[in-house]
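A.B. asks: This structure is in structure tokens; I'll ask about it shortly.
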Amino acid sequence: MLKIAREDLSEVSSSKVHEAERLAQAALATSSQFELRELSVQYDDSQLLITGRVHCFYHKQLAQETVRPYAQEMGMVNQVQVLP
């Protein structure tokens, strides 16, 4: 998990946070992998949180790598569930 110290987050402005959240969600929504389009990204407790369900671990990892560029100044948590 990508994470930085909480005190460093004071430098991340609210507009940057909302922009990162918006861009990460847009990247998933326009993915060529249709399952990623159903996932959600939210800013919560100093990190971008990825949630939803996919049918394989590869799509879970792909979602994380899709969001990673937008989480550079904050943490990122991948809570995507892989269905059996």
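The values are calculated or read from the model by the stated rules, or taken from the named source; none is laboratory data. Treat the numbers as computed from the prediction; the structure is a model and nothing was measured. All Cβ positions, glycine included, derive from the backbone under ideal geometry; neighbour counts span all protein chains shown. Quick note on the areas: whole protein, heavy atoms, side chains included, nothing else; ligands and nucleic acids left out. Shrake-Rupley method; radii C 1.70, N 1.55, O 1.52, S 1.80 Å.
A.B. asks: Would you calculate a helix-derived [θ] at 222 nm for the chain, using -39,500 (n - 2.57) for each DSSP H run of n ≥ 4 and dividing by the full residue count, to the nearest 500?
C.D. replies: Helix-only estimate at 222 nm: -10500 deg cm²/dmol.
A.B. asks: Still on this structure: If you stretched the chain out fully between residue 17 and residue 79, how much longer would it get, using 0.36 nm times the residue separation minus the C-alpha to C-alpha distance? Walk me through the intermediate numbers first.
C.D. replies: On the way: separation 62, 0.36 × 62 = 22.32 nm, distance 1.91 nm.
Full extension of this stretch gives 20.4 nm more.
A.B. asks: How large is Rg over Rh for the range 9-51, taking Rg from the Cα atoms and Rh as the Kirkwood inverse mean of 1/r across Cα pairs?
C.D. replies: Rg/Rh: 1.04.
A.B. asks: Sticking with this one: What is the gain in length, in nm to one decimal, between residue 68 and residue 32 on full extension, counting 0.36 nm per residue of separation less the C-alpha to C-alpha distance?
C.D. replies: 11.3 nm
A.B. asks: So, with a 1.4 angstrom probe, what is the percent of accessible area on the chain that is carbon and sulfur?
C.D. replies: 52
A.B. asks: Turning to a different aspect of this structure: Taking only the alpha-carbon atoms of the chain, what semi-axes of the equivalent ellipsoid follow from 5 times the gyration tensor eigenvalues under a square root, in whole Å, largest first?
C.D. replies: 23, 13, 9
A.B. asks: Continuing with the same structure: Can you tell me the order of 73-81, 26-34 when each peptide is scored by its average per-residue count of other Cβ atoms within 10 angstrom, highest first?
C.D. replies: Packing order, densest peptide first, comes out as 73-81, 26-34.
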